[in-house]
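Trainee: Mind looking over this structure? Questions follow.
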Amino acid sequence: MATLTFGPAAGAEGDRFFNTRVRIERFSHVRAVLETKDGTLHMATKYVQAAGGCAAMNAKDPDEERKGLGRIQVKTIPPDQDGSPNWTGQVMIKHPNSNGMQMDIDSGGYIPMRYVKDVSVLRDGEEVFSLDATFSISTNPNFRFSFGKGNENELEVTIVDTDGETFEGTTGPDASKDS
């Protein structure tokens, strides 16, 4: 469950894409609904066989898991030689994305809920996308997406979690640079 909104820097030409990993508790249909600018709705459905993604016990120490919290890597990849006008961006953040349903194997208690809530990605100061997320996004979120060519193709990323902590990352016009 998340709402993704593409901005003008996502590009007006070519195919656009957005990839991430999500938690799924049991065998179920996963649906993606797209609303175009004219209000038309499109839905894609895929049956996914998965188990325990939401409530599975966490085998890692929650305190250790928080070390490096908020470390962000941002990468840009220029278009292939196939003539596609769009670049590819990737944002990776170290964050446990605890959903409040995972049990701590050491204490037997539940790990408090804390997850990435808002993601904003700008290219040269113009919005590529914004994401209003829930705990359904996996641990250590990873977003891969297309965006239109700009002047410098520098990406600026701002991520806010449910504790109100803000994390920021950026990359320059290089083909692959970590922040």
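Just so you know, all these numbers are worked out from the coordinates, no wet-lab data involved. As the structure is a computational prediction, the values presented were derived from the model and not from experiment. With ideal geometry, Cβ positions are generated from the backbone for all residues, glycine too; neighbour counts draw on all protein chains shown.
Trainee: What is the sum of charges, Lys and Arg at +1 and Asp and Glu at -1, for the other residues whose Cβ falls under 11 Å from the Cβ of LYS117?
Mentor: -4
Trainee: If you don't mind, another one. About its Cα centre, what dipole magnitude does the chain give when the only charges are +1 on Lys and Arg Cβ and -1 on Asp and Glu Cβ, stated in debye to the nearest 20?
Mentor: The dipole magnitude comes to about 600 debye.
Trainee: Starting from the Cα of ILE24, step 7 Å along the direction of its Cβ; do the same at SER130; then give the gap between the two resulting points in nm.
Mentor: Between ILE24 and SER130, the label points sit 3.0 nm apart.
Trainee: Right, next: Test of understanding: express the Cα radius of gyration of segment 1-140 as a ratio to 2.2 N^0.38 Å, with N the residue count.
Mentor: That ratio works out to 1.22.
Trainee: Around ARG23, which amide H atoms from residues at least 5 apart in sequence, or from another chain, sit under 5 Å from its own amide H, with H modelled in the peptide plane?
Mentor: Here ILE137, SER138 satisfy the definition.
Trainee: So if a site counts as exposed when it's one of the chymotrypsin sites (Phe, Trp or Tyr not before Pro), its DSSP state isn't H, G, I, E or B, and it has at most 12 other Cβ atoms within 10 Å, what's the longest stretch of the chain without one?
Mentor: Longest gap between qualifying sites, sites excluded: 28-179.
Trainee: Given R₀ = 45 Å, FRET efficiency for THR40-ARG71 by Cβ-Cβ distance, to 0.05?
Mentor: 0.70
Trainee: Separation between the SER138 and ASP80 pseudo-spin-labels, each 7 Å from Cα along Cα→Cβ, expressed in nm?
Mentor: Roughly 2.2 nm, to one decimal.
Trainee: Something else about it: Given labels modelled 7 Å from the Cα in the Cβ direction, how far is it in nm from TYR110 to ASN151?
Mentor: Spacing of the two 7 Å Cα→Cβ label points: 5.0 nm.
Trainee: Along segment 13-28, what does the Karplus equation 6.51 cos²θ - 1.76 cosθ + 1.60 (θ = phi - 60°) give for ³J(HN,Hα), rounded to whole Hz, x for Gly and Pro?
Mentor: 10, x, 6, 10, 8, 8, 10, 7, 10, 10, 8, 9, 6, 8, 3, 6
Trainee: Once amide H atoms are built 1.01 Å from N in the peptide plane, which residues 5 or more positions from ASN97, or in another chain, come under 5 Å H to H?
Mentor: Close amide H contacts, sequence-distant or interchain: VAL116, ASN140.
Trainee: Let me ask you something else. Karplus couplings for segment 110-120 from phi (6.51 cos²θ - 1.76 cosθ + 1.60, θ = phi - 60°), rounded to Hz, Gly and Pro as x?
Mentor: 8, 6, x, 5, 6, 9, 5, 9, 10, 10, 10
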